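Shown next, in structure tokens, is the structure this report addresses.
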Amino acid sequence: MNWTGLGTVILLIISNIFMTFAWYGQLKLSQMHISDGWPLILIILASWGVALFEYSFMVPANRMGSNINGGPFSLMQLKVIQEVISLTVFTTICMLLFKNETLQWNHLAAFACLVAAVFFVFLK
């Protein structure tokens, strides 16, 4: 992988950290009773605020990594890479922050299938 590819992956990882907090952070706030009584619109606006940072990393990652702009990845490759990164980041954050969630064999099997998808999407 060249530097552009590595930079793309790093930006995707950062983007997915923000995405995970934008989508699921509100559940942790609820679990901690921080957002009790917040109207749904406030929770949505807070999530959008976090998602702005996600987009601030995702858009440059896709522009830099896409072969349309001279990057090393096709659109299909970018999407599959992003999905594997998304699941990896989500699983890590879920295991660290949501102690009631457990990683089971079928979750690992599903993850292995996604890793296989990366292999297949890069086949010529």
**Request:** Run down Ile68, Ile81 and say which single residue is under 28 Å from Gly7 (Cβ atoms), of a type in the set (A, V, I, L, M) and at pLDDT 95 or above.
**Result:** Ile68
**Prompt:** Has region 53-61 got any residue that is free of Cβ contacts under 8 Å to residues at least 40 places away in the same chain, exposed (fewer than 12 other Cβ atoms within 10 Å of the Cβ) and out of contact with any Leu (no Cβ under 9 Å at 6 or more places or on another chain)?
**Reply:** no
**Sole exception among (1) over 17 Å from the mean Cα position of the chain (by Cα); (2) buried (at least 17 other Cβ atoms within 10 Å of the Cβ); (3) hydroxyl-bearing (Ser, Thr, Tyr) for Ser74, by number** = (2)
**Asked** Taking only pairs six or more apart or across chains, which ones have beta-carbon atoms under 6 Å, a first residue in region 85-109 that is within 30 Å of Asn62 (Cα to Cα), and a second residue that is open to solvent by 80 Å² or more (accessible area, probe 1.4 Å) and among the charged types (D, E, K, R)?
**Response** Cys94/Glu101
**Request:** Test Ala117 against the criterion of being at pLDDT below 90, part of a helix (DSSP H, G or I) and among the small types (Gly, Ala, Ser), and give yes or no.
**Result:** yes
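The values are calculated or read from the model by the stated rules, or taken from the named source; none is laboratory data. This one's a predicted model, so the numbers in the text were calculated from it and none came from an experiment. Positions of Cβ are generated from backbone atoms using ideal geometry, with glycine treated the same way; all protein chains shown enter the neighbour counts. For accessibility, only protein heavy atoms count, side chains too; no ligands or nucleic acids. Shrake-Rupley method; radii C 1.70, N 1.55, O 1.52, S 1.80 Å.
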